[in-house]
1. For chain B, what class follows from the C-alpha gyration tensor (a ≥ b ≥ c being the square roots of its eigenvalues): rounded when a/c is under 1.5, otherwise prolate if a/b is larger than b/c, else oblate?
2. Note down the accessible area of residue A:22, probe 1.4 Å, to the nearest 10 Å².
3. Please work out the average accessible area per residue across region A:9-91, using the 1.4 Å probe convention, and give it in Å².
4. Against the longest principal axis of chain B, how steep is helix B:120-137, in degrees 0 to 90 to the nearest 10, with axes from Cα atoms?
5. List every residue whose amide H lies under 5 Å from the amide H of residue A:81, counting only residues 5 or more places away in sequence or on a different chain, with H placed 1.01 Å from N in the peptide plane.
6. In square nanometres, what is one fourth of the surface area of the convex hull spanned by the alpha carbons of the protein assembly as shown?
7. Give me the accessible area of residue A:80, 1.4 Å probe, in Å² rounded to the nearest 10.
8. If one takes the accessible area of chain A alone plus chain B alone and subtracts that of the pair, with a 1.4 Å probe, what total in Å², rounded to the nearest 100, results?
Amino acid sequence: MASKPPPGHFNILYFASAGSYTSKNVEALPAPLPLRKLFDTLEERYQGIRGSVLDHSLVTINLTYVDVPDDEAVEEGQEVVIQEGDEVAIIPPVSSG
Amino acid sequence: MATTTIDAPQTQDSSLSQEGCYVALTSSPLNIPSITDRVRSPQAGAIVLFAGTTRDSFDNKPVKELQYTAYAPLALRTMLDIAAALKAKHGLKGIAMVHRLGVVPVGEESILIAVSSPHRQAAWRAGEEALEECKARVEVWKREEFEAGEGVWRANRDGARGERVD
């Protein structure tokens, strides 16, 4: 759906309230990025987004849901890292029907 | 005032299907005869159809229009998961679910679900479960624009009021 991210980047898609908060549907961010750093990275760019949006949202990487770990609680070898070319999405609570 | 636009690629029609299951997203008005035909079967004694329509108010506040957006590839995948699971669980002959995207005028269908089965009980149950599963899981979002000017992204979970967008 979004065009390919430039080299060294991944795409992040913002749906519903995430899109309203960031005023965009998609952007490219530098890769690689450890998943546990994702919310900090977004909070730096969009102050307040963690409490308003991210805390009630789910996250997918390449259409698969992932658990976003606490910054400190990652054991070695268990680290999930967002890679160049990945498609990450912020999924707020859904409202189909 | 922040406005949320829906990218054209998100409103393009798309669908997935596999053995007796059909799911789709479309920006066109929904068509009841065509979804019914998708599940029609000589082995079925019942077709149950659910049509969800857009309401003109929320908490007594008049709603001007509704707009749906989707993470299309993921929403289709989730819809197909739901369809396949219910087909197996209830022994359905067919199940089809179509969700409309983009602006849906008040009073029009936003979702259609059709299921067919040899006997009516299974079809009634599967139809209800399909809708509840969709509302809980499918990656589609509804935005209500109120007559008063503001809009909110609705959340199905626990009847949440959604986040106000100014």
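1. On the way: a/c = 2.18, a/b = 1.91, b/c = 1.14.
It comes out prolate by the Cα gyration axes.
2. We get 10 Å² for residue A:22.
3. 50
4. Roughly 30 degrees between the two axes.
5. A:35
6. Over all viewing directions, the protein assembly as shown projects a mean Cα-hull area of 15.3 nm².
7. 70
8. Numbers: alone 6050 and 9160 Å², together 12910 Å².
About 2300 Å² of accessible surface is lost on pairing.
The values are calculated or read from the model by the stated rules, or taken from the named source; none is laboratory data. Worth saying up front: this structure is predicted, and the values here are computed from it rather than measured. All Cβ positions, even for glycine, are placed from backbone atoms using ideal geometry, and neighbour counts span all protein chains on display. Side chains are part of the model used for accessible areas, which takes the heavy atoms of the whole protein and leaves out ligands, DNA and RNA. Shrake-Rupley method; radii C 1.70, N 1.55, O 1.52, S 1.80 Å.
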